[in-house]
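Engineer: Have a look at the structure that comes next, please.
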Amino acid sequence: MIRFLYSFFFTLVLLVPVNGEEFFYKHNAGDRYRILSIVNQDVYINRELSHQAEIINRIAVELTELSDDDTGHFKAVFQIAEKTVSSTGRENFEWSREYVSEFSRNRLGYITIGDEYFMPVVRNVPVFPERELQPGDSWTADGYEVHDFRNSFGIEEPYRIPFTATYIYLGLMEWKGFSYPAFSVSYYIFDEPRSVRGRVWPRRIQGASEQIVYWDTGIGQAVAYEEEFRLIFELSSGMIADYRGRASAEMIEAPVMDRETIAEEIIESIQQLNIEGATVRVEEAGVTISIENIQFMPDSSELRNDEKLKLDLIIEILMLYPERDIQVSGHTALAGLKEWRDQLSLERAQSVADYLIEKNARTPDRIIIQGYGAERPVDDNDTESGRQRNRRVEITILEN
């Protein structure tokens, strides 16, 4: 179970009337937002600690249409990664899922979204009353969570959990040395839902969330949130799954990436540095440097020394864009079992990421790894030259 930021996709304008403050959502044509959310959670199974997880969610949101009634229509991409620990003890983040959602939100905060979408997780939070508010004022509104239980429980459809949230306007509170208007949001869950199709399904759900959300009144935009949560599932199998943790999120300040210009700069650098077997392409996620036929020790993820020299040159390029996080992905030719290919490609990506960290190209929390096996060939696997091209590692400079 993963929790994510839900309330920072849109501009929130704060008006200050004579007798109080009125809050509502306002959307402007061309609005784009990027948010970084971090979740630290402990997972208990049958009251015993199963594992701990740190999860990063990068969210990119674009306003695609604005209605006459100030309802905004949005497209959002959620890129999710979870921390892994390599055999050397280094920590990196591995992509787990990417979601795309389309939805609308009106001026008071109520969301309209298709039943097929898994993200955002928490919906109709925050919503606002059509009245002026003073510090200490409270209000309530119904909301709901939606979870992706395909891997955990085998439930294929987005799983909906309703609640009623209580809000309190707190006045000014400090976030990173600055004062912002802040709200608390709290809700409690107790539900005995109907059964659904899956390996197992929840028979009883209990939980709670306590949040503080901060806004910048000068620019009329949400800047951050903090949360403590707990969610307990009593399952049809008799197992009890208990998720406890903290979450936080904030707006990302990095400027929008000019992918085409960066790609041209990297191509020029590769030519100047005479890096063999390296190509560049522009993708939606960012700009990718593909290092073809990168050499490891036979059937292993250990880099050969001459490949480290090539990576040293790549690091010179990465250091030109220090504000951008990176993804390292491993790829294999079509040989051997799929499970073996997938694992080997992941381990090789991990090995390259470890070297980049060792050389201070990025810190561990700014590198995400992914192993694709033979799923994304760039050439024919029926020829040796094609297989060599397919055996590659790619480094993507991310949009963040």
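A short reminder: the numbers here are calculations on the coordinates, not readings from a lab. Just so it is clear, the model here is predicted, and its values are computed rather than measured. Using ideal geometry, Cβ is built from the backbone for each residue, glycine included, and neighbour counts are taken over all protein chains shown.
Engineer: Taking every pair of alpha-carbon atoms in the chain, give the share separated by more than 38 Å as a whole percent.
Structural biologist: Cα-Cα pairs in the chain separated by more than 38 Å: 29 percent.
Engineer: Let me ask something else about it. Please tell me the relative contact order of the range 12-251 in percent, rounded to the nearest whole number, where contacts are Cα pairs under 8 Å and at least six residues apart.
Structural biologist: 17
Engineer: Enter the Cα centre distance for the pair the range 164-213 and the range 353-382, rounded to the nearest angstrom.
Structural biologist: Spelled out, the Cα-based centre of one part sits 36 Å from the other.
Engineer: Quick one: helix 305-318 against the long Cα principal axis of the chain, what's the angle to the nearest 10°, folded into 0 to 90?
Structural biologist: Helix 305-318 sits roughly 40 degrees off the main axis of the chain.
Engineer: Continuing with the same structure: Starting from the Cα of Lys83, draw a straight line to each of the lysines and keep only those under 29 Å, dropping any in the same chain fewer than 8 residues away.
Structural biologist: Lys83 reaches Lys75, Lys176, Lys308, Lys310, Lys338, Lys359.
Engineer: Now for a separate question. When the Karplus curve 6.51 cos²θ - 1.76 cosθ + 1.60 is applied with θ = phi - 60°, which whole-Hz ³J(HN,Hα) does each residue of the range 139-151 get, with x for Gly and Pro?
Structural biologist: Residue by residue, the range 139-151 yields 7, 10, 7, 7, x, 7, 9, 10, 10, 9, 10, 4, 6 Hz.
Engineer: Near the amide H of Asp137, under 5 Å away, which other amide H atoms are found, from residues 5 or more places off or on another chain, if H is placed in the peptide plane?
Structural biologist: Tyr169
Engineer: Let me ask another. May I ask you to evaluate 6.51 cos²θ - 1.76 cosθ + 1.60, the Karplus curve with θ = phi - 60°, for each residue of the range 178-189 and list the ³J(HN,Hα) values in order in whole Hz, giving x for glycine and proline?
Structural biologist: Those phi angles translate into 10, 9, 9, x, 9, 10, 9, 9, 9, 8, 10, 10 Hz.
Engineer: Which value does Rg/Rh take for the range 227-361 over its C-alpha atoms, Rh per Kirkwood?
Structural biologist: Here Rg/Rh amounts to 1.10.
Engineer: How large is the charge dipole for the chain, taken about the Cα centre, if only the Cβ atoms of Lys, Arg (+1) and Asp, Glu (-1) carry charge, to the nearest 20 debye?
Structural biologist: Dipole about the Cα centre, nearest 20: 920 debye.
Engineer: Would you kindly derive the ³J(HN,Hα) couplings of the range 111-121 from the backbone phi angles with the Karplus curve 6.51 cos²θ - 1.76 cosθ + 1.60 (θ = phi - 60°), listing them in order in whole Hz, with x for Gly and Pro?
Structural biologist: Using θ = phi - 60°, the values come out as 9, 10, 8, x, 5, 7, 8, 8, 10, x, 5 Hz.
Engineer: Let me check I've understood the local charge: for Tyr44, count other residues with C-beta under 11 angstrom from its C-beta, Lys and Arg +1, Asp and Glu -1. What total comes out?
Structural biologist: Within the 11 Å Cβ shell, the charges total 0.
Engineer: What is the sum of charges, Lys and Arg at +1 and Asp and Glu at -1, for the other residues whose Cβ falls under 10 Å from the Cβ of Asp258?
Structural biologist: -2
Engineer: In whole percent, what relative contact order does the chain give with Cα contacts below 8 Å and a gap of six or more residues? List each step's numbers first, then the result.
Structural biologist: Values: 957 pairs, mean separation 54.2, N = 400.
That works out to 14 percent.
Engineer: Divide by every residue of the chain the summed helix terms, -39500 (n - 2.57) for each DSSP H run of at least 4, and state the resulting mean residue ellipticity at 222 nm, rounded to the nearest 500 deg cm²/dmol.
Structural biologist: After summing the helix terms and dividing by residue count, I get -5000 deg cm²/dmol.
Engineer: Follow-up. Could you tell me how many cubic angstrom of Cα convex hull volume the range 12-251 has per residue? Display every interim value, and only then the final one.
Structural biologist: Values: hull volume 34.6 nm³, N = 240.
Convex hull volume per residue, Cα atoms: 144 Å³.
Engineer: What size of dipole, in debye to the nearest 20, comes out for the range 285-333 about its Cα centre when the only charges are +1 on Lys and Arg C-beta atoms and -1 on Asp and Glu C-beta atoms? The partial results should precede the final answer.
Structural biologist: Working: 4 positive and 9 negative charges, 11 e Å.
It comes to approximately 60 debye.
Engineer: What is the projected area of the convex hull of the Cα atoms of the range 285-366, averaged over all directions, in nm²?
Structural biologist: The orientation-averaged projected area of the Cα hull of the range 285-366 comes to 5.8 nm².
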